[in-house]
Amino acid sequence: MEGVLQAGDAKDWVYKGEGAANLILSYTGSSPSMHGKVLRIKKILKDKSLPAPSCMVFSSYEQLLWGHIPELLDSVKQDCLAQAYAVHVMSKHLGANHVDGGVCVGVSRDFLELVEKNVLDSRPAWRVNASSIDNTADAALLIADHSLFSGNPRGSNCIAVEIKAKCGFLPSSEYISKENYIKKQVTRYKMHQHLKFHQGQISRTSEYNPLDLFSGSKERICMAIKSFFSTPQNNFRIFVDGSLVFGGMGGGADNVLPAEKDKCLEDLSKLSGLELPDFIELLSEAIFKSGVLELLRKYTLLHSLSLDKSLKIVRDFLVSATSKDCSLMISFRPREGGTTDSAYDSVFLESVKQTYEYKAYFVDLDVKPLDKMEHYFALDQKIVNFYTRNQEVMPSPKGRPSSSRVAEPTY
């Protein structure tokens with residue numbers, strides 16, 4: 001483990017964002033070794049009746065599941081499970097070139113308490129109400145900020161896109177009952193959107209279809225990316241030089257108002273020199289050429305398997321749950337004229353006659369707790385039951401219908 005962050009270090013870290021399990025801080029201090037880094041600090045839920053979003057310690061059953069990987073068991077004692085899981089489990093499935101395990105750094109209680117106080121006004125209110133920093137933690141995860149390129153600025157902006165691709169297949173398992181046959185015809189993402197709409201979590205259903213993004217077809221990948229601009233929710237965000245310029249701060253209810261969207265796209269065009277069609281083409285080409293979503297799809301497919309065959313099946317289910325919930329971060333910058341020795345892959349954008357370097361990394365690769373499987377099952381049943389009973393009165397993605405009413409579900 002690297003050194004320990006103390007109270008005096010708290011002033012050098014500012015709020016960048018957060019998910020269900022972690023709060024993300026950006027470094028703004030003067031240490032060269034820390035430039036371009038972010039710190040992932042564990043959170044705890046205020047409602048103790050809810051299942052933990054990520055695994056912090058291993059139960060006896062989880063020791064049985066993961067005991068064949070000694071590094072995972074050791075990491076629990078050192079409070080570094082997230083780092084070990086990324087390195088020793090997820091990198092083997094998603095490719096070491098696309099997984100950054102980072103390093104564990106010690107954190108004092110004073111540091112954590114000061115950080116929580118400093119970032120309070122930057123956090124969305126609903127996040128503050130739901131969770132707080134775990135100030136009993138002994139360590140946090142220091143990783144590269146993948147919304148930036150490493151090294152010194154080269155006179156051009158770095159544009160990064162974060163995508164929560166979700167589950168990109170229709171299951172075909174023989175264990176799906178006749179009552180749940182709809183799962184073989186409609187994506188889980190679409191069905192879940194309708195349940196969220198009914199519950200008031202979102203004001204309109206998303207136009208995004210995960211099957212398009214995972215299709216391997218450049219045309220369908222383009223369609224998926226275009227849909228993100230209409231309804232980004234928490235599935236799509238754009239950063240310029242590490243700062244968020246499009247999309248929300250997380251949570252299903254995030255929407256971008258038309259005026260805000262136009263301003264964001266105008267700013268993005270100025271900074272990147274690309275009009276929206278060119279930017280969509282660049283992103284689509286990078287996703288297509290990199291093949292990273294084929295890696296992700298391989299492991300989300302495991303959700304169609306039975307859970308009772310062996311310990312390996314359970315492990316694979318938990319790996320697939322992490323894969324389904326993680327984000328893909330793709331960053332771009334124009335390649336300097338004459339440069340041929342870059343360490344990064346590249347794509348040539350014909351419409352603007354420019355080569356762009358890119359890198360792609362998966363982020364948010366936390367261990368899913370074994371005891372959350374019951375929650376996964378219950379949520380899956382709720383999603384399927386609601387959609388099956390109410391699909392004829394579902395709203396279009398354009399918004400809540402003015403006259404029809406979504407029927408009350410019975411579970």
Spacing of the two label points (7 Å from each Cα toward its C-beta) at Lys48 and Asp341, in nm
6.0
Filter the cross-link list Lys37/Lys190; Lys16/Lys218; Lys184/Lys263; Lys178/Lys372 down to pairs whose alpha-carbon distance in this structure exceeds 28 Å.
Lys37/Lys190; Lys16/Lys218; Lys184/Lys263
Sort the following peptides by mean Cβ neighbour count (other Cβ atoms within 10 Å, averaged over residues), highest first: 139-148, 312-321.
139-148, 312-321
Would you mind checking which residues have amide H under 5 Å from Ser131's amide H? H placed 1.01 Å from N; only 5 or more apart, or other chain.
Lys46
Relative intensity, log₁₀ I(q)/I(0), of the chain from a Debye sum that treats every alpha carbon as a point, q = 0.09 Å⁻¹
-0.57
Quick check for you: with a 1.4 Å probe and neighbouring chains kept, what is the accessible area per residue of the chain, in Å²?
47
Considering all alpha-carbon pairs of region 1-145, what whole percent are spaced by more than 22 angstrom?
41
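Let me check against my output: what whole-number percent is the relative contact order of the chain, with C-alpha pairs under 8 Å and at least 6 apart?
Numbers: 702 pairs, mean separation 75.6, N = 411.
RCO, the chain: 18 percent.
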Give me the distance in nm between label points sitting 7 Å out from Cα along the Cα-to-Cβ direction at Lys312 and Arg109, one decimal.
4.6
Ranked output for segments 365-374, 76-85 by mean other Cβ atoms within 10 Å, highest leading, reads 76-85, 365-374
Heavy atoms only, probe 1.4 Å: what % of the accessible area of region 1-145 goes to carbon and sulfur, would you let me know?
55
Full extension between Ser172 and Asp380 adds, at 0.36 nm per residue less the Cα distance, a length in nm of 73.3 nm
Hits for the chain under the membrane-span-like helix rule (DSSP H, Cα axial span at least 18 Å, Kyte-Doolittle mean at least -1.0) are 218-230, 258-272, 276-290, 311-325, 373-390
Protection proxy ranking, peptides 170-179, 216-225, average beta carbon neighbours within 10 Å, highest first:
216-225, 170-179
Relative contact order for region 1-145, counting Cα pairs under 8 Å that sit 6 or more residues apart, in percent
35
Strictly under 4.7 angstrom between C-beta atoms: which cysteines of the chain have no such partner?
Cys55, Cys158, Cys167, Cys222, Cys264, Cys326
For Lys166, list the aspartates and glutamates whose Cα falls under 16 Å from its own Cα; do not include residues on the same chain fewer than 8 positions away.
Glu207, Asp212, Glu294, Asp325, Asp364, Asp366, Asp380
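The values are calculated or read from the model by the stated rules, or taken from the named source; none is laboratory data. The shown structure was predicted, so the numbers you read here are calculated from the model rather than taken from an experiment. Heads up, the Cβs are rebuilt from the backbone with ideal geometry, glycines too, and the neighbour counts pull from every protein chain shown. SASA here: full protein model, heavy atoms, side chains in, ligands and nucleic acids out. Shrake-Rupley method; radii C 1.70, N 1.55, O 1.52, S 1.80 Å.
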